[in-house]
Structure formats: C-alpha cells, structure tokens
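Note sheet for the following structure.
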Number of protein chains: 2
Amino acid sequence: MNGQPRLVEVRRHVLRDNDVRARALRARFTEHCIFVVSIVSSPGSGKTTLLEKTLSRLGARYRVAALVGDLATDNDAARLARSHAPVKQITTGTLCHLEAAMVERALEGWDLNEMDFLFIENVGNLVCPSSYDVGEHLRAVLVSVTEGEDKPLKYPTIFNSADVAVVTKMDLAAAVEFNSDELHRSIQSVRPGMTTWCLSAKTGDNFAEFVSWLESRREAALSATLLPREAV
Amino acid sequence: MNGQPRLVEVRRHVLRDNDVRARALRARFTEHCIFVVSIVSSPGSGKTTLLEKTLSRLGARYRVAALVGDLATDNDAARLARSHAPVKQITTGTLCHLEAAMVERALEGWDLNEMDFLFIENVGNLVCPSSYDVGEHLRAVLVSVTEGEDKPLKYPTIFNSADVAVVTKMDLAAAVEFNSDELHRSIQSVRPGMTTWCLSAKTGDNFAEFVSWLESRREAALSATLLPREAV
C-alpha cells in the first residue's frame with residue numbers, strides 16, 4: 001500500500017518520543033513512592049468495576065487516585081468518584097489508546113506527595129495500547145470469562161506487554177461454560193510463567209487476595225528502588 | 001507531541017488510498033450480485049458464533065463465504081469451516097483493523113460468480129475499524145449484554161460508521177442484569193433511528209428473524225443497484 005513505509009517510520013518516531021516521556025514519568029512516580037498500575041482490556045471486560053472496588057478497598061489504608069481513558073463521556077470517572085478517590089477522565093476523541101503525554105497532562109494540579117497508588121485505566125482496546133508505555137510499574141491485562149478462552153492466542157502482543165493477567169466475571173463462569181484450563185493454557189503458551197488471577201469483583205470471590213497482592217507488589221517495588229538508593 | 005501533525009497527514013493519505021480501493025471493491029461485489037456484510041465489535045462479543053450460525057442457516061439457500069481477520073491464529077477460520085462455507089483467515093500481525101487491500105488480496109483465487117453473500121469479520125476492536133471502509137454494503141456492530149449499556153456513548157464513532165447494531169448473548173441478559181432500555185437509549189442518542197437486533201445465537205432467540213432481515217437487505221440492495229441499470 002502507498003504510504004505504508006512512511007507511516008511505519010513516523011509511528012516509530014512517535015513511539016520513541018512516548019518511550020522517553022514514559023520513562024521520565026515512571027522515574028517521577030518512583031521518586032514519590034507512588035506505585036502505578038495500568039489496566040488494559042477489551043471494552044466491557046470489567047476494568048471500571050474492578051477499579052471501583054480496588055479504590056474502595058485500598059482507599060481505607062492508602063492514598064489512591066485514578067486516571068481513566070475513554071474516547072468519549074466521563075461515565076467512568078463519575079462511577080469511580082463514588083469511591084471518594086481523586087479521579088480524572090482523559091477523553092481521547094478518536095484515539096485508540098493512552099499515551100504518556102496524556103498522563104503527564106492529566107497529573108497537572110495533583111500533588112504527587114499525596115499519593116501511594118495511581119491506577120490508569122486505558123481505552124478499551126486489546127490491540128493498540130500494547131505499544132504505548134504510559135509510565136506504569138505494573139500492567140494488568142483483563143479478560144472476562146465471557147470473551148472466549150483463546151483471546152491470548154489471538155491478541156498475543158497485549159499479553160506479552162502485560163505483567164499480570166486478571167480473569168474477571170468468574171461469577172458468570174458456569175453460565176458461559178468457561179473452560180479455565182484452556183484459558184490458562186492459552187495464557188501460558190503466549191507468556192510462560194505469567195501470574196494469573198481469577199476473580200469476581202461483583203461477588204468478591206478472590207478479590208481481597210488480589211488487592212493484597214497489589215500491596216505486596218508496591219512493597220517489592222519500593223524496596224527494589226529505594227533500598228539501593230539509601231545504601232548509596 | 002512531536003511528529004503528531006505529520007502522523008495525521010500520512011494517516012489521511014492511507015485513508016484516501018483505502019477509500020478508493022474500497023469503492024472499487026464494492027462496485028465489483030455489486031456487479032457480481034454479492035451482498036457483503038462486515039462485522040465489527042470488541043473481542044469476545046460473539047462475532048464468530050453469530051457468523052457460524054449465519055453461514056449455516058443462509059448456506060441452505062445461498063452461496064455464502066467469509067473472510068475473518070485476527071492478529072494471530074486461524075482459530076476462527078477453523079471454526080467457521082465447520083459450516084462448509086469457503087472461509088479464509090486474514091492475519092494482520094499487529095495491525096488493529098482490516099483494510100480494503102487485505103480483502104482484495106484474500107479474494108484472489110475465489111470465483112465471485114459463485115457467491116451470493118460474503119461476510120467479513122473484522123479484528124476485535126471497537127475503535128480502529130471504524131475508519132476503514134472494507135468495501136462492504138452493510139456494517140453490523142455487535143455489542144454483547146455483558147459489555148455494559150453505555151458502550152455506544154463511549155465508542156460513538158464505530159456506532160456512527162455502522163448500519164445496524166446487534167445485541168448478542170441475550171441468553172445472559174438476566175445473569176448480568178442487562179438493562180435493554182438503557183442500551184437502546186445509548187444507541188439512539190449516538191445514532192438516531194439505528195436498526196437494532198437483540199438476539200442469542202446460542203439459544204436461537206430472534207436469530208431466524210435476523211437472518212431473514214439480512215436476506216431482505218440483499219434483495220433491497222440488488223433492486224436498488226440493478227433495476228435502474230436494467231431500465232437504462
């Protein structure tokens with residue numbers, strides 16, 4: 001196709017610029033002891049429900065905040081605001097993913113000294129967000145039991161770019177004849193050794209354990225980055 | 001962001017090229033009396049299940065074929081092949097949508113005189129496919145009852161680019177406390193007057209009616225394009 005090689009070249013340039021910004025962002029977060037978790041998935045996999053419950057649960061012990069990306073509407077920010085955590089909506093228009101620069105801009109006006117956890121909910125899209133680092137420490141890819149057990153095989157890049165897989169809507173597993181073994185095989189064949197959580201934010205099944213695990217990840221990240229610096 | 005204006009300009013060029021190819025494709029399909037339906041949705045909304053059942057049902061009376069797009073795997077083509085219709089898989093690698101040129105290439109080796117219906121299943125993505133005409137006559141956007149009633153508000157562009165909305169997995173409506181009125185309101189506020197089908201390909205609820213409607217759309221398209229030509 002005409003224009004394709006130029007397009008690829010320009011995309012590479014945009015990616016490089018994004019990578020530089022994302023690295024700087026991550027360094028800033030780390031410096032402020034903020035553990036940043038981004039969430040990617042298809043539309044409708046349950047990102048906002050998981051996030052709402054996570055903010056409520058963590059909010060009792062930590063200072064938490066969230067940025068949520070969508071093409072249009074601030075529905076998600078309104079839902080998340082019920083958790084009483086500071087939340088900002090990023091609307092991308094027709095853009096299919098968040099970029100580091102959008103996160104950077106959205107942070108303006110927030111005091112990073114007042115934050116322990118920041119969650120970034122990406123636009124619902126299982127393809128494009130995989131290429132864009134948004135400065136997170138941990139990327140969680142969600143897949144609901146209603147989506148089919150071969151999603152990791154069909155969308156390998158996003159699973160490869162993520163650190164943990166979260167299987168959501170386990171309360172619907174029986175209704176959709178979900179095959180847990182098959183999904184685990186798909187995940188492991190794309191990303192061997194990937195940590196996987198199966199939970200239901202609705203019924204609470206396995207949910208407290210998942211949140212505790214997030215806390216432990218934050219502790220681990222802080223130890224890894226802070227201890228050496230203190231030792232210097 | 002650096003590079004953004006250039007990226008937009010190059011994208012416009014790619015789109016123009018795609019539009020020209022798509023129009024030529026559609027003219028070719030029309031000339032051969034093939035009615036072409038494309039299907040877009042999130043990953044896991046039930047495109048392949050709907051298509052499998054549609055091919056089987058229509059296949060009794062029409063010559064049907066399908067092209068299915070995915071980043072990786074030919075799982076969907078293998079599933080659809082059970083309907084005994086000719087099926088080809090288009091794997092896009094990391095590309096988040098199908099383009100007219102891919103459809104063009106995939107048609108090579110097929111005799112267009114041997115076809116009444118062609119279905120094109122796009123990559124599972126509720127954002128990017130909206131900008132790419134693939135030469136179809138009718139674009140159906142699927143949304144499953146598990147995805148949340150505000151999807152049309154959050155992803156307006158794809159609903160605006162589609163001709164019909166199909167609400168899938170109605171068998172799960174009660175389990176997920178699906179609010180049909182709310183989804184209809186969302187659809188109508190984004191695309192007033194949009195035809196909407198609510199069905200379950202699994203239980204067959206409303207499915208035969210949907211397929212009959214597709215047949216009637218083909219008849220209408222053929223009358224509109226063929227009669228004036230014959231009258232000339």
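Observations
- Condition met for residue B:142 (of a type in the set (A, V, I, L, M, F, W, C) and touching a Ser or Thr at 6+ places or on another chain (Cβ under 6 Å)): yes
- Condition check for residue A:162: surrounded by fewer than 21 Cβ atoms within 10 Å (Cβ to Cβ), within 19 Å of the chain's Cα centre (by Cα) and either modelled with pLDDT of 95 or more or of a type in the set (Gly, Ala, Ser) (or both): no
- Number of residues in the stretch B:176-187 that are surrounded by fewer than 19 Cβ atoms within 10 Å (Cβ to Cβ) and either within 14 Å of another protein chain (Cβ to nearest Cβ) or assigned to a loop (DSSP other than H, G, I, E, B) (or both) equals 4.
- Search result, residues across the stretch A:188-204 that are of a type outside the set (Ser, Thr, Tyr) and in a helix (DSSP H, G or I): A:188, A:190
- Residues of the stretch B:106-122 satisfying the condition of being of a type outside the set (A, V, I, L, M, F, W, C) and either surrounded by 22 or more Cβ atoms within 10 Å (Cβ to Cβ) or without any contact (Cβ under 8 Å) to a residue 12 or more places away in the chain (or both): B:108, B:109, B:111, B:121, B:122
- Identity of the residue in the stretch B:81-105, among the aliphatic types (A, V, I, L, M) and within 14 Å of chain A (Cβ to nearest Cβ), that ends up surrounded by the most Cβ atoms within 10 Å (Cβ to Cβ): B:98
- The set of residues in the stretch A:184-198 being closer than 24 Å to residue A:212 by Cα and either in contact with a strand residue (DSSP E or B) (Cβ under 7 Å, 6 or more places away or on another chain) or basic (Lys, Arg) (or both) consists of A:184, A:187, A:191, A:194, A:195, A:196, A:197, A:198.
- Some residue of the stretch B:140-160 being of a type in the set (Gly, Ala, Ser), within 23 Å of residue A:124 (Cβ to Cβ), within 14 Å of chain A (Cβ to nearest Cβ) and touching a helix residue (DSSP H, G or I) at 6+ places or on another chain (Cβ under 7 Å): no
- In the stretch B:78-93, residue nearest to the chain's Cα centre (by Cα) [restricted to those that are among the β-branched types (Val, Ile, Thr) and within 24 Å of residue A:131 (Cα to Cα)]: B:90
- The single condition among (1) at pLDDT 75 or above; (2) surrounded by fewer than 19 Cβ atoms within 10 Å (Cβ to Cβ); (3) not acidic (Asp, Glu) that residue B:40 does not meet is (2).
- Scanning the stretch B:67-103 for residues that are in contact (Cβ under 8 Å) with a residue 60 or more places away in the chain and of a type in the set (Gly, Ala, Ser) yields a total of 2.
- Those residues of the stretch B:94-118 which are among the small types (Gly, Ala, Ser) and either under 19 Å from the mean Cα position of the chain (by Cα) or closer than 17 Å to residue B:132 by Cα (or both), in sequence order: B:100, B:101, B:106
- The residue of the stretch A:123-133 that is surrounded by the most Cβ atoms within 10 Å (Cβ to Cβ), among those that are farther than 16 Å from residue A:147 by Cβ and among the polar types (S, T, N, Q), is A:130.
- Elements of type strands (runs of 3 or more DSSP E) contained in the stretch B:60-169, each with 2 or more residues being in contact with an Asp or Glu (Cβ under 9 Å, 6 or more places away or on another chain): B:64-70, B:87-91, B:117-121, B:138-144
- Condition broken by residue B:173, with the remaining ones in (1) touching a strand residue (DSSP E or B) at 6+ places or on another chain (Cβ under 8 Å); (2) within 13 Å of chain A (Cβ to nearest Cβ); (3) among the hydrophobic types (A, V, I, L, M, F, W, C) satisfied: (1)
- Evaluation of residue A:49 against (1) in contact with a Cys (Cβ under 9 Å, 6 or more places away or on another chain); (2) at pLDDT 95 or above; (3) within 14 Å of chain B (Cβ to nearest Cβ) (one fails), failing number: (1)
- Restricting attention to the stretch A:22-43, the residues that are within 14 Å of residue A:97 (Cβ to Cβ) and outside any strand (DSSP E or B) total 4.
- In this entry, residue A:125 passes the filter for residues that are within 29 Å of residue B:125 (Cα to Cα) and either touching a residue at least 12 places away in the same chain (Cβ under 8 Å) or within 11 Å of chain B (Cβ to nearest Cβ) (or both).
- Selection within the stretch A:162-190 - of a type in the set (Gly, Ala, Ser) and free of Cβ contacts under 8 Å to residues at least 40 places away in the same chain: A:165, A:173, A:174, A:175, A:180, A:186, A:189
The values are calculated or read from the model by the stated rules, or taken from the named source; none is laboratory data. Nothing here was measured: the structure is a model prediction, and the numbers come from that model. Note that we place each Cβ from the backbone using ideal geometry, even for glycine, and neighbour counts take in every protein chain shown.
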